[in-house]
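Coordinate-derived values only; no laboratory data. Small disclaimer: the values here were computed from a predicted structure and weren't measured. Using ideal geometry, Cβ is built from the backbone for each residue, glycine included, and neighbour counts are taken over all protein chains shown.
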Amino acid sequence: MTEEEIAALQEVNKSLTERVNQLESINVSLVDQKKELKLKLEDGLTDEEAKTEINNLKALLEVSDSEKSELIDGHSQQINGMRMKDALRDAGVLAQNDDAMSAISSLVLDGSSYDDGFLYKNEDGSTKYNEANKPYGIIDKVNELKEGNKSYLFAPIKGGGGSENHAPIAETTKTDINSIINAGLTY
């Protein structure tokens, strides 16, 4: 991960932390408002006033929870994007340029989830497997892109001959990536 990516991540993390703190403050405020409402009820607040106040509080709480979830999801997506770029670089994936690497990372990230490594699942939620009956991994997805209509994103492998080749990455690299990721690298 480059220093710029780390600095950007730290800035995003700081702003998200501030926003989560604001949302938690709003939640505390809502609890206080609920206590006030309860006192008003005990002092003779009408049913209609109570219902209106309760509905207002519920709406505020829903908005707060929704915004908090969106912030957390956005933060997770950004971190997973950075993790994916690092995993691709560690695997030796070469792109035409930085924009192509971002596109490759986005394409490989599509359909994956992160839980101590990137996982790919079928539509029914079961783990997806490759032809070797091993869990489908990053290298499988990269090779799928290279063999498909996205091969132009990858830097050609130049040899002694006159042709360019976008050769698939060897399966043994997958084990190396997983061992690197499982060795405790965190981002």
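Each Cα pair under 8 Å and six or more residues apart adds its sequence gap; the mean of these over the residue count of segment 1-142 is a relative contact order of 18 percent. Qualifying GluC sites (Glu not before Pro) in segment 95-157, where qualification requires a DSSP coil assignment and no more than 10 other C-beta atoms within 10 Å, comprise Glu123, Glu131.
Considering only Cα-Cα distances, which of the following residue pairs are longer than 18 Å: Lys68/Lys121; Lys35/Lys68; Lys85/Lys121; Lys128/Lys150; Lys121/Lys150; Lys35/Lys58?
Numbers: Lys68/Lys121 26 Å; Lys35/Lys68 23 Å; Lys85/Lys121 20 Å; Lys128/Lys150 21 Å; Lys121/Lys150 21 Å; Lys35/Lys58 14 Å.
As for pairs spanning more than 18 Å Cα to Cα, those are Lys68/Lys121; Lys35/Lys68; Lys85/Lys121; Lys128/Lys150; Lys121/Lys150.
This ranking places Asp86, Asp116, Asp65, Asp140 by how few other beta-carbon atoms lie within 10 Å of each, fewest first, which gives Asp116, Asp65, Asp86, Asp140.
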